[in-house]
Structures are given as structure tokens and as C-alpha cells.
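The values are calculated or read from the model by the stated rules, or taken from the named source; none is laboratory data. Note that the structure is predicted; figures quoted are calculated from it, not measured. Cβ sites come from the backbone with ideal geometry, for glycine too, and all protein chains shown count toward neighbours.
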Amino acid sequence: MAPPQGVTLQLADYLNNGEYSDLQVRCGSITYKVHRLVLCSQIEFFRKACSAYWREGQECVVNLNHDNAYAVDALLRYAYSGKCDIFAESVASSRKALHYVQTYAIGAKYEVTGLQNLAKDYLRPLIEAHGGEEWLADVIRLVYETTISTDRGLRDIVVDFVVENHNIFAEQSDDDPIPTVMEELGAFSRDCFVRMSRGKKVANHALKTVEWKCGGCRMDWPVQTREYSTCNGCGFCGYPTV
């Protein structure tokens, strides 16, 4: 029988209220009273953990003590509501940024791609608006500590920002936050170097207008070409250009 029209299931209301709960998730001193159906249907880790072959499945308790408590909260909140941003406007940008990095990391660990994408979407505009503040260096450190080299999701965000604003950071002293973190993190410095090199290569290969002269009919004509390109012949008579 179909549910009455207009009735929807508000899963977020059931997170940690204990009603109909059949599973506990523990992280440090915090215990979440959750529901297997919600978590196991969306996150493979919980599906395996709640199987009869695992102790967690038999005891109905999953311990995530090794994970960041705020990131665990974001993981569960995402499973119930599809959201993970719980901060008020008054919360410091640095705290938000570090939280989004931790959220991305736990999404990667438990293979929750949607949570990773949300964290990335929250972090990018935050850095674009406040990346000139000193906390950016701490965010860069955390990004490179919690992601592998092939995961470019957050690494590209911080690298692109630093490269796009390299004129500002280049004028800073050696003990300023960004020059310091570039000296500390060789992988980050290399990523910035590669990004700048690619940008320069693209700029050098950009289309430009060149005046070609025909050695036969002596006609001149403008051609859009690239620095490494050659012209095969006159656009009027086909004679080789000079």
C-alpha cells in the first residue's frame, strides 16, 4: 500500500534520538544511536561491519575511536540528510576549513564520494574568499597529511589558489606561513611548480595573429597560429611562405 500523499520520511529527525535505533556508533565519549538500514544501505563499511561474521554486527556497536569526532558526525549526518555543513555564520573560517578537510578525508576512507564532493564544494569558496589569511598554511598541511598523492580533490584547490596568487606569496618573507609550508612540504612545492609550468606552457602555445608574406604573389595576410606552428603555403596562390 502506498503511503498517504504528502508523507515523507525525515531521516534526519531520527539521528541520535534513539527511536527505532538498532545500532550504536561510538567515537570517543560520544555514542550515536543509529539505524542499520540507513547506514548499511549507503556505506559499504557499515554493511560489512554489521554482518553476522563481525563482532560489531553481533554486539550492535561500531567503534570509530580512531577517527576525528567532528568528521564522524559529518559522516553520519550526511547519511541521514545528505548534508554535512552545520556551522553558523559566526564560526571562524579557519575552523570551517579544517573541518571540511577532515570531512573529505573520512569520506575518502569509507568511500563515500558524495560526502567528499560536498566537503570540496564547501572548501573551495571558503579558500577563495579567505585564503589570504594565515590559516591557509594549516589547511595545506592537513590536506597533504590526510590525502594520497593521486587524490587531487583538495590538493588541486590549495595548489591552484597559491599559484594564482603567487605574486603575493612570492613577496612574503621566509618565515611567513606559505613560504614556510612550501619549505616543509616538498610534495606541495612540486605540485605548485608543475601547475605553474603547465600554465606557462599553455600561455606560450596560445593562439596569436601573425603576418605572413607570400614569396610568389607577394601578398600579406594575417593568420592565427601558435608559436610552434608553421604555415604550409600562401592562402592565395599556394606558394611556400617566407
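From the residues in the range 6-17 that are in a loop (DSSP other than H, G, I, E, B) and at pLDDT 80 or above, which one is surrounded by the fewest Cβ atoms within 10 Å (Cβ to Cβ)?
17
Looking at the structure I just gave you, is residue 187 small (Gly, Ala, Ser), surrounded by 14 or more Cβ atoms within 10 Å (Cβ to Cβ) and in the same structural domain as residue 106 (by TED's automatic domain parsing)?
No: the conditions fail for residue 187.
Given the range 75-165, what helices (runs of 4 or more DSSP H) lie entirely inside it while holding 1 or more residues that are loosely packed, with under 15 Cβ neighbours inside 10 Å and at pLDDT below 95?
93-109, 113-130, 155-164
Can you spot a residue in the range 167-179 that is assigned by TED's automatic domain parsing to the domain that holds residue 100 and within 29 Å of residue 113 (Cα to Cα)?
The answer is no; no qualifying residue exists.
Among the residues of the range 33-65, write down those that are modelled with pLDDT under 90 and either in contact with a Leu (Cβ under 8 Å, 6 or more places away or on another chain) or assigned to a loop (DSSP other than H, G, I, E, B) (or both).
50, 51, 52, 53, 54, 60 - these are the residues of the range 33-65 that are modelled with pLDDT under 90 and either in contact with a Leu (Cβ under 8 Å, 6 or more places away or on another chain) or assigned to a loop (DSSP other than H, G, I, E, B) (or both).
Test of understanding: among 82, 114, 107, which residue is on the phi > 0 side of the Ramachandran plot and small (Gly, Ala, Ser)?
Only one candidate qualifies: 82.
So which of 80, 144 ends up being touching a residue at least 60 places away in the same chain (Cβ under 8 Å) and within 30 Å of residue 30 (Cα to Cα)?
Selected residue: 80, the only one of 80, 144 that is touching a residue at least 60 places away in the same chain (Cβ under 8 Å) and within 30 Å of residue 30 (Cα to Cα).
Answer yes or no as to whether residue 31 is among the hydroxyl-bearing types (Ser, Thr, Tyr), surrounded by 12 or more Cβ atoms within 10 Å (Cβ to Cβ) and farther than 30 Å from residue 127 by Cα.
When the stated conditions are applied, residue 31 passes them.
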